Structure formats: structure tokens, C-alpha cells
1. Quick check: is even one residue across region 215-227 more than 23 Å from ALA366 (Cβ to Cβ), within 16 Å of the ligand (Cβ to nearest atom), outside any loop (DSSP other than H, G, I, E, B) and of a type in the set (Gly, Ala, Ser)?
2. Exactly one of these conditions fails for THR113: (1) free of Cβ contacts under 8 Å to residues at least 60 places away in the same chain; (2) hydroxyl-bearing (Ser, Thr, Tyr); (3) within 16 Å of the ligand (Cβ to nearest atom). Give me its number.
3. Exactly one of these conditions fails for TRP317: (1) more than 30 Å from GLY78 (Cα to Cα); (2) under 19 Å from the mean Cα position of the chain (by Cα). Give me its number.
4. Could we say that ARG87 is in a helix (DSSP H, G or I) and either under 15 Å from SER303 (Cβ atoms) or out of contact with any Phe, Trp or Tyr (no Cβ under 9 Å at 6 or more places or on another chain) (or both) here?
5. Say we look at region 197-212 and pick out the residues that are within 15 Å of the ligand (Cβ to nearest atom) and more than 18 Å from GLY147 (Cβ to Cβ); which of these is surrounded by the most Cβ atoms within 10 Å (Cβ to Cβ)?
6. Within the group GLY247, GLY275, which residue is more than 12 Å from the ligand (Cβ to nearest atom) and surrounded by 19 or more Cβ atoms within 10 Å (Cβ to Cβ)?
7. Go through region 138-160 and count every residue that is within 14 Å of GLU119 (Cβ to Cβ) and either within 12 Å of the ligand (Cβ to nearest atom) or of a type in the set (A, V, I, L, M, F, W, C) (or both).
Amino acid sequence: PTDTTTDIFEARESQVRSYSRQWPAVFDTAQGSWITDENGRRYLDFFAGAGALNYGHNNPVLKQALVDYIMRDGITHGLDMSTVAKREFLESFTTRILEPRGLDYKVQFPGPTGTNTVEAALKLARKVTGRSSVINFTNAFHGMTLGALSVTGNSMKRAGAGIPLVHATPMPFDNYFGGATDDFQWMERVLDDSGSGINRPAAVIVETVQGEGGVNVARAEWLRGLADLLKRRDILLIVDDVQMGVGRTGPFFSFEDAGIVPDIVTLSKSIGGYGMPMALTLMRPELDVWGPGEHNGTFRGNSPAFVTSKAALDHYWADGAFEASILAKGERIQDAFIDLSARFEGLSTRGRGMVQGLVFEDAEKASKVTALAYDKGLLAETSGPSDEVVKLLPPLTITEEDLDHGLGILADATATVCS
Ligand code: PMP
């Protein structure tokens, strides 16, 4: 691509365009794991809409469902009305996802995006408990609106608010100190100690794997310990599954294999499946204290996204085959990263399922690797507080051949930067 293709954006768009600067092309069409720019150059997409495209671009199964719906003049904007699209989505979500997992949640449509479901979760927890403060974790990311930003760790993101945010108390995430700790003893102590100055919180909000925070993986036993501690104190557990849900770590919900049942779950990004905005807030039935109209919004229910979401649930989540394929491909990525970490100094790796991070001691090298990968036709982003982690989020539907192709590009780029 020539520089001139992006000139209009340089001149007209605001400063907040980090992906455009990183990837100076004008993209046009996309299919599966591939995205094409206006000059016909193809890129393998290991970014996948920051986790919003778990089923790939223009997935044919979802596309057909959407085309059929539009061709029969299905309602595109249904607001709070009962619609066939909403009912059919709820039926599939209940029978394919909740019931087989023994989960009993009420479903709230909180607004179009991830930050909306986080806001709904925080608002609900505060109303249910009558307590205002919330505990969050170091390196957490929960969104950009005021409440969600208050429980986000990253100081650069927080700076966007200008002045101090709503009250939240950060605690260290699993392995924050990079080794064995006494896990929850100190947390119990500060929660129970009348001298700690910590207000009894309404809830704790946690990601099972911190995506934006640098692919930090919470151990299953840590999550269980956390859930236990909270239950004993009547503090609500909110799992933010906006990025790690919908199969990213293998199971549909990222908390399933830890054997915990959160009080509130947030879902967005890939729940609609076709890259269209959709979000859900799941709550234990007894937490449903909202009266009619106490949480509404014009774009709360996205009917075309209900249609694609249902198609994805029916096609991919009717049995365990999809989860097995995600875990197998995750291992393939992990193996490639373990190999790279063994070959080059200053590299390590961490992740779960199909979210894997290659961690660079020298953060600058991570950005060099993603820049080189772009030149070689691969889109991948960095994450972590210093952008020191190359984070892979390929579509879960990617073929093994494409996956290996992309991993080959990354290995070459890493070799160039680290040799
Ligand atoms: N929670 C998590 C865990 C996320 O990763 C994100 C987005 N990266 C959000 C919330 C916010 O979602 P959105 O950008 O759709 O508002």
C-alpha cells in the first residue's frame, strides 16, 4: 500500500487511531481469517476485531442467516419489544448454553457494547447490596465509560477521565508479584480489618484472563479461592467475560473449568458473532431487582445480531466438537511460542486456549515484531501495561493451515528482531 491511501484519514480523523497508524492500509473486504485492503493485498487476521470475530469475518453460516432475515424484512430495530429474533436467540442461548451447564441466569440486554454490560453489572451490584464500592484488579480492563473505567487499571486509559474516578479498590491479580504469595490471606485480612480503611464492597469484578492487561491468566484455584472468600462475606462476584467468553479460552464461558458460578457475568464482543454490537448481562435470578424501565436504552437489543448469534450458537455449540478444536489449536499456538521462548533470550509465553501471549522483556521488541509481521501480511496487536506482549486472538474457526502460516510469519519476525 502507498502512503497516500491513508492521507484523508491523517487529515480528517482525530488522534485516537492507534490501529490505523500501526496498520497503514485502507481495508475493504474480509472472509474467514483474511482481510483485504483496497489495493488487493491480503492479511491474515490474528486480531479478529479485538476478540469480536471469534467465528471469523463474514462467516458463511451466520451470513446466510442474516441475509435470509433481511430478505424477509425481519425487524432490524426492536428496542424493548418482544420479537421473533429475540425469542429465538433466547431459546438457543438457554437450551444450548445455560441449561447444559446447569446455569440459571436471567438475561439483561444492557446496551450495545462491552462497556455497557460492565456498567449494568456495577449498577446492579450496587443496587442489590446497597453498597457503593467495588474491588477490581491490577491490570484489569473493563471499558471506557465512567463506571467501567473506574475499575480499569491502566493509568493511560484512566487519564482520559482527567480527574479521580468513582470509588474502586484495586487488589493484586493472580501472580502479580511473579511468584508464590499467600494468595487470599492478606485480602481476607484487609477486607475484615476495621482499620484497613477499605469499605465493604458491593462486588468484585474480575477477568479470568486479562486480555488488554497482557494475557495474565488466573489459575483455576485462584478463581475458586476468590469465589469462596466472597461468598463467605456476601460480596458479589462479577466475571467480565467480554473478551474471554464465547469460546476464546475453550469452553463457552471462560470460568467454566474453574468450577465457579459468578453472580453476574458480562458478555459482548463475539456474542453477536458477526461483528455487530451486542451485549448481555447475566444475573442470578434473585439479583433481578430492577423494575420496568430502570435499565433501558435505544440500542439494547440488536435484532440482526440476535439472528447471527442464534445461528452461531446452533451451529458451533450444539456439541463439544468446537471446544475441542479450540483447545487443539490453542496448543498449536502455545507450542510455537514455547519453541520461540526456548530459542531466544528475554522471551516467555502465557495464555489459555486461543488467547496466547508472547511476552518480551524488552517491550520495544514486541512492537517491532508486530510491525514486521504487518509487513509480511499478518495483523497482530500488542497488549500489557508497556505493550510488551504480542497477543494472538485468531478467529476460533481458523484452519490449521492458516494458523501455521501466521505462526510462521511471527516466528520469522521474532527471529529477525531477537537474533
Ligand atoms: N471488558 C473487557 C474484558 C474487554 O476486553 C473490553 C474491550 N476490550 C471491554 C470490557 C469493553 O468492551 P467495549 O470496547 O465493547 O466497550
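Readers should treat all values here as calculations from the given coordinates under stated rules, not as data from a laboratory. Computed from a predicted model, the values in this text were never measured in an experiment. So basically every Cβ, Gly included, is an ideal-geometry build from the backbone, and we count neighbours across all protein chains shown.
1. No, region 215-227 has no match at all.
2. With (1) free of Cβ contacts under 8 Å to residues at least 60 places away in the same chain; (2) hydroxyl-bearing (Ser, Thr, Tyr); (3) within 16 Å of the ligand (Cβ to nearest atom) applied to THR113, the lone miss is (1).
3. (1)
4. When the stated conditions are applied, ARG87 passes them.
5. So the residue we want is THR208.
6. It is GLY247.
7. Total meeting the criteria: 10.
Rundown of residues vs (1) under 21 Å from the mean Cα position of the chain (by Cα); (2) part of a loop (DSSP other than H, G, I, E, B); (3) aliphatic (A, V, I, L, M), yes/no style:
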| position | (1), (2), (3) |
| --- | --- |
| PRO262 | yes, yes, no |
| GLY275 | yes, yes, no |
| LEU282 | yes, no, yes |
| PRO292 | no, yes, no |
| GLY297 | no, yes, no |
| ARG300 | yes, yes, no |
